[in-house]
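Student: Here's a structure for you.
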Amino acid sequence: TFTKDMINHLPLPSNINNYKSLIVNLVENILEIKADNIDNDISNIENRLNLLIYKLYNLTYEEVLIIDPDFHFTEEEYTSQ
């Protein structure tokens, strides 16, 4: 279980401001969809959110595949984002 204190110590990349509004919008979208019906499919939004997080941390395509073997983008799609 994560506690607030544990999360407060997670390193944030210096380029967080480039992604912050996009991430917030996607999370708010997820919350709205789930508030309407908890069973609604949000996988497309989750995939976009994951992509932003991977880019935020400047992960290579190979690193992403270690974290997420079912990643939905090709290497070309990932690098062009």
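Student: Within region 1-53, can you find the residues that are surrounded by fewer than 10 Cβ atoms within 10 Å (Cβ to Cβ), closer than 20 Å to VAL64 by Cα and not hydrophobic (A, V, I, L, M, F, W, C)?
Tutor: PRO11, SER14, SER43, ASN44
Student: Could you say whether any residue in region 61-79 is outside any loop (DSSP other than H, G, I, E, B), surrounded by 15 or more Cβ atoms within 10 Å (Cβ to Cβ), of a type outside the set (Phe, Trp, Tyr) and free of Cβ contacts under 8 Å to residues at least 40 places away in the same chain?
Tutor: Yes.
Student: A further question follows. Condition (residue is in contact with a Leu (Cβ under 8 Å, 6 or more places away or on another chain), within 22 Å of PHE73 (Cβ to Cβ) and at pLDDT below 95) applied to region 30-39: is it met by at least one residue?
Tutor: Looking for residues that are in contact with a Leu (Cβ under 8 Å, 6 or more places away or on another chain), within 22 Å of PHE73 (Cβ to Cβ) and at pLDDT below 95, one finds none in region 30-39, hence no.
The values are calculated or read from the model by the stated rules, or taken from the named source; none is laboratory data. Keep in mind that what you see is a predicted model, and the values were worked out from it rather than measured. Note: ideal-geometry Cβ built from the backbone for every residue, glycine included; neighbour counts use all protein chains shown.
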